[in-house]
Amino acid sequence: MKFLPYEDVPLYLAVDGQDGEHIFAESVTLSIDNNLNTNRQVDDNLLQICEFGSGINMQYVSPTFVSGVDYTATLGPTDGPPRPIATSIHKIPANTKVTFPNGKHLYFSNDVYPDGQDYLASFYALSGNWQLSAQEAQQGYFEPLFNYAQTQPVQGTLSVNFYLNTGNLQGFFNITGLSDLTAYPPIDEEKITGYFGDFTFSDAYLNSLNFSLSPNSISQASASFMVFGKLSKDENISQNYYSSDLYQQQSIAHGEASKIVGHTDLGMNHPISFSYSIQTSRSLRYVCPIDKNDSAGLTPVRVSKDSTIIDMSIDGDNLSPDIISEGPNGSRANLKAILSDLNYDNFEDNSNGFMHEFSCNGAVVSKSLSVNSQGYLNGSISVRQQYM
Amino acid sequence: MNISRTSTNSFNLRPSFGSEASFSSINDEVTFGDNHSQRMTKGINALTMSLNLSFQGLTNDESNDAISFLQSQFDYEAQNYSNEGRFTNKRVGVFDYQPFYPYKQHKFMCSDFTHNKTSFNNNNVSARFLCVGSSILDSVEASLGHNETISSKLTFPTSLPSSNSNQSTIISNSDNFCSLNDNNFIYNSIDYRVAKVQSSVSIQEDQQISINLKAPFGFPDGVSTSQHTNLRHSIYIDDPNDCSFYPYAPKHKGSTIPYRCFDFRPNQSISIQNSPKFRDANLTDFYKKFNKYGFNPNLTNLQLSFNGRSDLEAKRILLFLESHLGYKKFCFHAQSGYGGHVQPNSSPSKSKLSYFYCPQWSHSFTYLNNHSISATFIECLPN
């Protein structure tokens, strides 16, 4: 047994048709859920033999079984007409036991893959000198391997934990951005391509971006993508990661130099941590194939954005005393999170100071005030913006 | 909605999964005593097809185009008398449409449609299309045995031994152009041995060709009939030659059945409703006498579902039902327990074989290689 080793997390993302970037990732997970159902059919594990032979005249005459000899049987009700094995069955492995009443057994001689035309089957017995009556032959029970049918398209989820290490939020992490500034309507539906490890994908769509920040800590973000279509493997592609710019000094957002703006209007003097989340819900358009050679239906022809919601939560020292009494429409808040790195002067590369700004201008959806045994008043507030 | 009239005569949007095709036949029926009956389709256009289609996730432009097109079929036009001697402004327009697998392109009219705008630039349109101008005369399907007009006659000069591997053999064709696709089947006329075609071949009449077959139980020399000719035709289904059926009269008790057998198994839970016929004499409203009806008192109606079927199996089921035109009888295996019994005291009024006709069925394309078909089977007597 051998595990495939990777040093670091080789992840590359790009907006379709554009240059991409290697990601400073902590971890990557691709998971896939498959909705499969069996569809059992009437009497699909009931074996009925109407003739021992290849189905010439439907006259049932039982052989006197001899151990180890193969017997061809025609399947179906007594007197016929013959009936093929159920198509709900994927496979009947060779040596599958068929149990008849009165302690009698036969065994399938060969693997059978039912295709709707299996009127005949071959059996053998382990013991000899016995017969199977016509009535017993209608009551054979066996346990096959059943088919599964896909009920919905296959969809994967790519989850990435990474560090925001640039001043510009890349297009593939920017839910509200536009790949083509001239596009109308101005809603980005471009797909994202890339690879992680040696596995490439070409149909991914960003669903959510989250990060949080607190004093004296770096900010780690997480993003989630919907993934469709095939993965392909290229054993050499991950080598590109190890020669990328990520192995030079990186600038990472840090709570020490980052700021929150807009909290004082809420009665909070000193925010100590915040979290930010932007999520979009999407609709998928699949179309039916029109003939047997049509590959439509495997991947969506359109992945559109339905609504985008921004949530921002701040924890701090206090809150406005009007915590409950604001009236029927609540109160509004306009918050900004300004991310900065530590801005060391004695490093030349990637020492930028200001990195990026995230804003949330919406309604206050929850507040809390608490005091614990350590004796400090803590306030927290959550704001939600319906962006789209 | 800003209707933009276009010169196109076709509707090009592909439907989403979950769309449905429904078929119904309009029959005349005469019922005699003892539940004997005869039925016949009312006319050559009496087997109708309708599509319930959904188009999900359309952009504003796509939905505008779709609704404009569908609305414009009913637009008022100024009166115009053509050189052919008729008014050209009266009829509702029909258009070409290619439905989902396994149906062929046909002419349709749209009788009702709905537009839902779910979010900015995201629209759902659902529509009901009626197929126009289809005829049962377009159904060309051999019934039982060899039909010199539309079947081909294949001769195997040598027998094939039983083997699970491919075998190559020479066959000749003496009737009609035969076109065999891979995964078609050739059936032996003497028993139920079959040979599965491994690679597509075409055999002209009076020609011979090498063919690769798989015959796990062997295949005897001699003559076999095949439905797979270029004359085979379906009203609604594309490429009927993908489907193979046992072409001979089904064998039963040393003889044969004069109808084809519906060999597909419905889903596991069938509800078989029994409402036997009887005679009751209402002498007063509180005194009744119940008497037996006579022969054949208990004919059943079945509502059957065939879910989770592969592309090919769904096509075979649909072609079988279509080729019976909504009124022709076929033999169907009821579930075990209803199929007669070898015990001598089994009910004589319930024969071991059941015959049905199917006047309506519907097909839903659930997902790739996953189809659902529901059908109404009405039991009838064989003669």
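Things to note:
- In the context of the full set of protein chains, residues of the stretch B:99-160 present 44 Å² of accessible surface per residue (probe radius 1.4 Å, heavy atoms only).
- Seen from B:S372, the other residues with C-beta closer than 13 Å to its C-beta sum to a net charge of -2, counting Lys and Arg as +1 and Asp and Glu as -1.
- For chain B: relative contact order, % (alpha-carbon pairs under 8 angstrom, 6 or more apart): 16
- Partner aspartates and glutamates whose Cα lies under 13 Å from the Cα of B:K117, excluding those fewer than 8 positions away in the same chain, are identified as A:D306, B:D61, B:E62.
- The largest accessible area among B:R91, A:R40 belongs to the first residue in B:R91, A:R40, and the rest follow in falling order (1.4 Å probe, all chains).
- Per atom type, the stretch B:269-319 shows carbon and sulfur on 51% of its accessible surface, probed at 1.4 Å.
- Surface accessible to a 1.4 Å probe, A:T38 within the full protein complex, Å²: 60
- Around the Cα centre of the protein assembly as shown, unit charges on the Cβ atoms of Lys, Arg, Asp and Glu (plus for the first two, minus for the last two) sum to a dipole of about 3760 debye.
- Label-to-label distance, nm, for residues given as B:F177 and A:K233 (7 Å Cα→Cβ offset): 4.6
- Solvent-accessible surface of the stretch B:250-289, taken per residue with a 1.4 Å probe and all protein chains present: 67 Å².
- Pairs from the table (A:K191/B:K315; A:K292/B:K214; A:K233/B:K315; A:K259/A:K305; B:K292/B:K328) lying more than 25 angstrom apart at Cα are A:K191/B:K315; A:K233/B:K315; A:K259/A:K305; B:K292/B:K328.
- Probe 1.4 Å, all protein chains present, accessible-area order of A:V383, B:V94, B:V30, largest first: B:V30, B:V94, A:V383
- Estimated FRET transfer efficiency when R0 is 45 angstrom, pair A:L46-B:S210 (beta carbons, to 0.05): 0.65
- FRET efficiency, 1/(1 + (r/R0)^6) with R0 56 Å, evaluated for B:N164 and B:T59 via beta carbons: 0.60
- Estimated buried accessible area (total), pair A and B, 1.4 Å, Å² to nearest 100: 5300
- The calculated FRET efficiency for A:S331 paired with A:Q150, based on their beta-carbon distance and R0 = 60 Å, is about 0.80.
- Counting protein heavy atoms only, the stretch B:118-213 has 43 percent of its accessible area on carbon and sulfur, 1.4 angstrom probe.
- 1.4 Å probe, heavy atoms, protein only - residues of the stretch B:249-273 losing at least 50 Å² accessible area vs chain alone: B:K251, B:K253, B:D263, B:R265, B:Q268
- Candidate aspartates and glutamates - alpha carbon under 20 Å from A:K97, same-chain residues fewer than 8 apart omitted: A:D43, A:D44, A:E51, A:D70, A:D111, A:D118, A:E136, A:E143
- Selection among A:A253, B:C358, A:T29 by position relative to the dipole of the protein assembly as shown gives B:C358 as farthest towards the positive end (Cβ unit charges, Cα centre).
- Ligands, DNA and RNA aside, B:F245 has an accessible area near 10 Å² when probed at 1.4 Å.
- One equal scatterer on each Cα of the stretch A:30-136, no solvent, Debye formula: the resulting log10 I(q)/I(0) at q = 0.14, 0.19 Å⁻¹ is -0.56, -0.97.
- Qualifying lysines (Cα of each under 22 Å from Cα of B:K289; at least 8 residues distant if same chain): B:K277
- Interchain or long-range residues, amide H under 5 Å from A:E26's placed H: A:N161, A:F162, A:Y163
- Amide H to amide H, with H built 1.01 Å from N, A:H90 comes under 5 Å of A:L145, A:F146, A:N147, counting only residues 5 or more places away or on other chains.
- For the stretch A:143-160, a reduction of at least 40 Å² in accessible area between the chain on its own and the assembled protein chains (probe 1.4 Å) is found at A:Q150.
- Set of the stretch B:55-96 residues, backbone N closer than 17 Å to the point 7 Å along the Cα-Cβ line of A:S281: B:57-58
- Surface analysis of chain A yields an accessible area of 49 Å² per residue, using protein heavy atoms and a 1.4 Å probe.
- Two numbers describe the Cα atoms of the stretch B:1-159: Rg and Dmax, which are 21.8, 71 Å.
- Area accessible to solvent at A:W130, 1.4 Å probe radius, in Å²: 40
- Local charge for B:F108 was computed over the other residues whose Cβ lies under 15 Å away, with Lys and Arg +1 and Asp and Glu -1, and equals +2.
- Accessible-area composition of chain A, carbon plus sulfur, in percent [1.4 Å probe]: 46
- For the stretch A:104-164, alpha-carbon Rg and Dmax in angstrom: 22.7, 79
- Phi angles of the stretch A:220-227 translate, via the Karplus equation with coefficients 6.51, -1.76, 1.60 and θ = phi - 60°, into HN-Hα couplings of 10, 9, 9, 9, 10, 10, 8, 10 Hz per residue; Gly and Pro are given as x.
- Choice from B:S172, B:S24, B:S271 showing the highest fluctuation, given a GNM over chain B with Cα pairs closer than 10 Å: B:S271
- The stretch B:9-86: C-alpha gyration tensor shape, a/c 1.5 cut-off, then a/b vs b/c: oblate
- Placing pseudo-labels 7 Å out from each Cα toward the beta carbon at A:T176 and A:E143 gives an inter-label distance of 5.8 nm.
- Accessible surface ranking for B:K251, A:K336, 1.4 angstrom probe, highest first: A:K336, B:K251.
- Cα gyration tensor shape for the protein assembly as shown, rounded if a/c is under 1.5, else prolate or oblate: prolate
- Three-way shape call for chain A based on the alpha-carbon gyration tensor, with the a/c threshold at 1.5: prolate
- Cα-Cα P(r), chain B, percent of pairs per 20 Å interval: 22, 47, 27, 4
- Distance (nanometres) between label positions extended 7 Å along Cα→Cβ at A:I218 and B:F278: 8.5
The values are calculated or read from the model by the stated rules, or taken from the named source; none is laboratory data. The shown structure was predicted, so the numbers you read here are calculated from the model rather than taken from an experiment. All Cβ positions, glycine included, derive from the backbone under ideal geometry; neighbour counts span all protein chains shown. SASA here: full protein model, heavy atoms, side chains in, ligands and nucleic acids out. Shrake-Rupley method; radii C 1.70, N 1.55, O 1.52, S 1.80 Å.
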